[in-house]
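The values are calculated or read from the model by the stated rules, or taken from the named source; none is laboratory data. Since we're looking at a predicted model, the values are computed, not measured. Here the Cβ positions follow ideal geometry from the backbone for every residue, glycine too, while neighbour counts run over all protein chains shown.
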Amino acid sequence: MNTRRLFLNRCFQGGGLILLGPVLSACGGGGGGESNEAVIPTLPPTATGWLMPDEGAPHKATWMAFIADEVIWGRSLQGPIQDALARIANAIVQYEPVNMLVRQQDVALAKQKLDPKVRLIVQDLDDLWLRDTGPVFVSNSQGERAGVNFNFNGWGKKQVFSQDGQVAAAVTGQAGVRMLSTKLVLEGGGIEVDGKGTAIITESCVLNANRNPSLSKAACEAELKTLLGIRKVIWLPGIAGKDITDGHADFYARFTKPGVVVCGLETDPGSFDYAVTQQHLAILRTATDADNQPLQVHVLEAPVKTRPHYASKDFAAGYINFYVVNGAVFIPEFGDAKADEAARLQIKALFPSRAIVQINIDPIAAGGGGIHCTTQQEPA
C-alpha cells in the first residue's frame, strides 16, 4: 500500500515555494463560474455540542477543486488529472450536488469536461486536495452547522499553500455557515471519525513538529473534543517523512459505521509501510470505541497489479481511500480484475444499502492520492 503523494514531493524543492504568502483576496466572478461571497466572521467554538458526522450521514453536497497546475503535476499529467477529476465529479453528481472550485482561467475547460449539474465556483487555488484544504464541517443538536478551519499549511510547509490556505474560509462562506477557529493544524485526511465520538488519528501527522510543535496528545484531544465532539482518539503511529502527508489516517483505516473499521495492510516486506500497517492492525484489533465497545476490523487488500501506463513506485494502489455519498460508495478500480471485484464485493457487504461505483483514477493515484483525497463532504 502506497500512501499519499510521494510523487508530488519531488516538485517542491527550491524557489521559496514552501513559504506562506500574503492573504489573497477571493477571485472575482465574471466570465463563468459563481464568484465568492463574503465569508461569515470567524467565531470561537463554544460549548454548543459540535460534532463531526460520520461520512455516511446524509450530505448536502460534495466539494471538489478542478485544478492540475503544471508546476506541481507536470505537463504530461495535467490533462489526465483534469479528466480523472471530471470522472469523479460527474459520477458523484448523479447522487448528490457537487460544488466545484475552479480558477478563472480554467472555467471554460471545466464547463467542457463537467456535467452541467456540477456547480462551478471561481476561486484561486494551488492544488486539488479539498479533503485537506477545505473546512471540516460540523453540526450540533440545535441544527446549526459550521466549518472548522484547521489552518492548512501545505502539509508542514512542503508545498506552496498561499491560496489553498484561504480555501477553508472561502468554502464556509459559500456554504453560508460560521467558521470555527483553532490553533490546531491538521488536514481532513488526517482524521477519521465514526460520528459517535470516536476518531482514528496518526501521530506521525497531527503530532508532527511541522504542524503542531510541542503539542501533547492530551492537548490535541481536548481541542478535538470541543471542535468535533471527539470523546476518544485511537492513535495509530503512522510514519512521517515518507509521503507529503506524513501518513494520513484515510490511507490506513476507515470507519464504515460505528464499531466497524476497514484497515489497509501492506504485505510486501520491502515496503516502508509493511511494519507500521502490521502494527496498526494489531492496535485496531484490541481497541475499543468511545463507548468502550470493541471494534470489528476488516482488512481491505490492495491490488496485486495495476495498469502499466501510470505505474511507478509512488502509485497509490489501494481501495481504502473510498468516498461515501448519499446512496453510493465510490472506490477506484486499477485493472486487476480479481482484486477490483473482491474489493467491490467487500465494500458492498459493508455498505449493503448503497450502490458501489468503481472509477478509473490512475492519474490521481500516480500522484499518490485517491477519491477521498479529492473530496470533502458537507453534511445535511
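Between 147, 143, 176, the distinction of being under 23 Å from residue 50 (Cβ atoms), among the small types (Gly, Ala, Ser) and buried (at least 19 other Cβ atoms within 10 Å of the Cβ) belongs to 147 only.
Restricting segment 200-223 to residues that are touching a helix residue (DSSP H, G or I) at 6+ places or on another chain (Cβ under 7 Å) and assigned to a helix (DSSP H, G or I), the residue that is surrounded by the fewest Cβ atoms within 10 Å (Cβ to Cβ) is 220. Does residue 186 satisfy the criteria of being part of a loop (DSSP other than H, G, I, E, B), of a type in the set (A, V, I, L, M) and closer than 23 Å to residue 377 by Cα? Against the criterion (part of a loop (DSSP other than H, G, I, E, B), of a type in the set (A, V, I, L, M) and closer than 23 Å to residue 377 by Cα), residue 186 qualifies. Total residues in segment 163-220 satisfying the condition of being within 27 Å of residue 262 (Cα to Cα) and touching a Ser or Thr at 6+ places or on another chain (Cβ under 6 Å): the figure is 0.
Selection within segment 143-158: residues that are outside any helix (DSSP H, G or I) and among the basic types (Lys, Arg). The member of this set that is farthest from residue 205 (Cα to Cα) is 145. What about residue 161, is it crowded, with 20+ Cβ neighbours inside 10 Å, in contact with a Gly (Cβ under 8 Å, 6 or more places away or on another chain) and part of a loop (DSSP other than H, G, I, E, B)? Judged against the criteria, residue 161 is a match. For segment 307-322: of the residues being of a type outside the set (A, V, I, L, M, F, W, C) and at pLDDT below 90, which is surrounded by the fewest Cβ atoms within 10 Å (Cβ to Cβ)? The residue in question is 313. For residue 99, the conditions (1) over 17 Å from the mean Cα position of the chain (by Cα); (2) at pLDDT 95 or above are fulfilled apart from (1).
Sub-6 Å Cβ pairs linking a first residue in segment 134-147 that is within 25 Å of residue 66 (Cβ to Cβ) to a second residue that is surrounded by fewer than 19 Cβ atoms within 10 Å (Cβ to Cβ) and not β-branched (Val, Ile, Thr), at least 6 apart or interchain, are 137/379, ordered by first then second residue. Among all residues of segment 242-261, there is at least one that is closer than 26 Å to residue 314 by Cα, touching a Ser or Thr at 6+ places or on another chain (Cβ under 8 Å), surrounded by fewer than 23 Cβ atoms within 10 Å (Cβ to Cβ) and in contact (Cβ under 8 Å) with a residue 12 or more places away in the chain.
The condition (being among the basic types (Lys, Arg), part of a helix (DSSP H, G or I) and at pLDDT 95 or above) is satisfied by just one residue among 60, 111, 117: 111.
Apart from one condition, residue 186 fits all of (1) surrounded by fewer than 23 Cβ atoms within 10 Å (Cβ to Cβ); (2) in contact with a Phe, Trp or Tyr (Cβ under 6 Å, 6 or more places away or on another chain); the exception is (1). The single condition among (1) farther than 23 Å from residue 296 by Cα; (2) in contact with an Asp or Glu (Cβ under 6 Å, 6 or more places away or on another chain) that residue 227 does not satisfy is (2). Would you check which residues across segment 214-237 are touching a Gly at 6+ places or on another chain (Cβ under 8 Å) and on the phi > 0 side of the Ramachandran plot and list them? Result: 229, single match.
Can you tell me which residue within segment 224-241, out of those that are assigned to a helix (DSSP H, G or I) and out of contact with any Ser or Thr (no Cβ under 7 Å at 6 or more places or on another chain), is surrounded by the most Cβ atoms within 10 Å (Cβ to Cβ)? Give the steps one after another, and end with the answer.
To start, the set of residues in segment 224-241 that are assigned to a helix (DSSP H, G or I) comprises 224-228.
Going one step further and asking which of them are out of contact with any Ser or Thr (no Cβ under 7 Å at 6 or more places or on another chain), we end up with 224-226, 228.
Numbers: 224: 23, 225: 16, 226: 17, 228: 21.
Here the residue is 224.
Screening 206, 193 for residues that are closer than 30 Å to residue 352 by Cα and under 20 Å from the mean Cα position of the chain (by Cα) leaves exactly one candidate, 193. Scanning for something buried (at least 20 other Cβ atoms within 10 Å of the Cβ), more than 22 Å from residue 184 (Cα to Cα) and of a type in the set (Gly, Ala, Ser), does segment 94-117 turn up at least one residue? Yes, the conditions are met somewhere in segment 94-117.
Looking across segment 285-306, just one residue is touching a residue at least 60 places away in the same chain (Cβ under 8 Å) and either surrounded by fewer than 16 Cβ atoms within 10 Å (Cβ to Cβ) or not in a loop (DSSP other than H, G, I, E, B) (or both), and that is 291.
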